[in-house]
Amino acid sequence: MESNTPLINEHLGNMLSLGAVLVDQKLIPDPVAIYHACIPDCHICLDSCPAKALDGTTINQQKCRNIYGTATEGGDFIYSCNLCRKICPNNQGIKQVSTF
């Protein structure tokens, strides 16, 4: 299993992509998130994944890529499914922010 899981932001939901910017300045980190990204006992993404790549903790990237991943000419990777992200109730942001 890979150690990658969907990134879910409380305001933007899960339709995010990570990138990187290299700087030579000291940056102040954001505080650690204090919200729960998933609704308790929700399994919509797990039950709907056609590749069965989700186990509730991680994503098996190999299963997902084997079925729905496509490499571009430039070497980027595109997922043609994203069903797990699309059907998530919090895909546009967390509706009810919870704290630990």
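A compact table of results
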{"quantity": "222 nm mean residue ellipticity, helices alone, for the chain (DSSP H n ≥ 4; -39,500 (n - 2.57); rounded to 500)", "calculated": "-3500 deg cm²/dmol"}
{"quantity": "Cα centroid of segment 19-36 to Cα centroid of segment 51-84, whole Å", "calculated": "26"}
{"quantity": "Calculated from backbone phi, Karplus (6.51, -1.76, 1.60) coupling profile of segment 64-72 in Hz, x at Gly/Pro", "calculated": "5, 5, 4, 9, 10, x, 9, 8, 8"}
{"quantity": "Taking ILE94, ILE34 and counting other C-beta atoms within 10 Å, the order from fewest to most", "calculated": "ILE34, ILE94"}
{"quantity": "Scattering curve values for the chain, log₁₀ I(q)/I(0), Debye with Cα scatterers, q = 0.22 Å⁻¹", "calculated": "-1.25"}
{"quantity": "Proximal lysine pairs, the chain, alpha carbons under 19 Å, eight or more residues apart or interchain", "calculated": "4"}
{"quantity": "Relative contact order (percent, whole number), the chain, Cα cutoff 8 Å, 6+ residue spacing", "calculated": "44"}
{"quantity": "Label-zone membership for segment 35-56, site ILE87, 7 angstrom Cα→C-beta point, backbone N under 20 Å", "calculated": "37-56"}
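All of the numbers you see were taken from the coordinates with simple rules; none came from a lab. The shown structure was predicted, so the numbers you read here are calculated from the model rather than taken from an experiment. Here Cβ is always computed from backbone atoms with ideal geometry, including for glycine, and neighbour counts include all displayed protein chains.
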